[in-house]
Each structure stands twice: as C-alpha cells, then as structure tokens.
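None of the figures in this text is laboratory data; all of them are computed from the coordinates on show. Just so it is clear, the structure is predicted and the values come from calculations on it, not from any experiment. Neighbour counts run over all protein chains shown; Cβ positions are idealised from the backbone, glycine included.
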Amino acid sequence: MVTNPPSLPFFALVACKIRQAKCYLLLYDLYPEVLVATGLVHPDAIAARLLGFLNDWLYNHMETIIVLGRDMYRIVERRMNRRNPSIVMIPNWADIDEITPQPRHGNA
C-alpha cells in the first residue's frame, strides 16, 4: 500500500484486518510534515495535529513500513509508540560511483 492518496492506507488496513492479511505500507510522503513544509497547513493547526494522530495510529498497525531514505526512517521510528513494526529502508536514488552519464554517441 502506498501513501498517495493519503486516505488509501486506512481503507487498505481495514481490508487487511477483515481478510486477516498482513498490511505493508510504502511511504512516499509523510503527513502532516509535507503539508507543513509546503506551507499548506500550520504545524499547530487542528488539521496537522489530526493527521499526525491518524498517521501515528496507522504506522503502529502496519506489519512493515517501507521508507525511502534515512531521514524518513528516523521520523517514522520516532513516531512509533505502541508496538514497533519493522521499518525497512529502500534508498530511492542511484549510486553515482556506479552509474555515470555516458556520451550520447554509441549509447543507443
């Protein structure tokens, strides 16, 4: 399950509970952090606090949470409070030592 749209993981979690299936969450965005960072929501707004509460609850009910980097890993790890589902990091970028630009000629 992915976080776009942000309401989707909640419906998926309900479906997983009904079907007695494991639920995994791939986080592309952290809510409400992304909304606060873009200025769409003030950090102290009711909407930000509610989203934070809902996502904390969601994270704590997932089997595994997959994040895209070390900073996201730390944020999610800090937000865990009840039980600690496994958090897995998948770096979402290229290794610049191994993958380098090639000249256009002969690179078809």
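A Förster radius of 41 Å, combined with the Cβ-Cβ distance separating residue 97 from residue 7, puts the computed FRET efficiency at roughly 0.55. Per residue, the convex hull spanned by the Cα atoms of the stretch 10-108 measures out at 173 cubic angstrom. Helix content alone sets the calculated 222 nm mean residue ellipticity of the chain: runs of n ≥ 4 DSSP H residues at -39500 (n - 2.57) each, divided across all residues, give -11500 deg cm²/dmol. Hey, can you list the DSSP H helices of the chain whose Cα span along the axis is 20 Å or longer and whose average Kyte-Doolittle score is at least 0.0? For the chain, where a helix must reach 20 Å along its axis and average at least 0.0, the hits are 46-60. A viscosity of 1.567 mPa s and a temperature of 4 °C, combined with the Kirkwood radius over Cα pairs in Stokes-Einstein, give a translational diffusion coefficient for the stretch 55-108 of 96 µm²/s. Near residue 25, the amide H atoms lying under 5 Å from its own belong to 64, 65, 66; only residues 5 or more places off or on other chains count, and H is placed 1.01 Å from N.
Note on residue 28/residue 60: beta-carbon distance plugged into 1/(1 + (r/R0)^6) with R0 of 25 Å gives a FRET efficiency of 0.85.
Residues in the stretch 92-103 carry Karplus couplings, in order, of 9, 8, 8, 7, 5, 7, 9, 10, 10, x, 10, x Hz; the curve used is 6.51 cos²θ - 1.76 cosθ + 1.60 with θ = phi - 60°, and Gly or Pro positions show x. Sorting 19, 49 by the number of Cβ atoms found within 10 Å of their own Cβ, with the fewest placed first, yields 19, 49.
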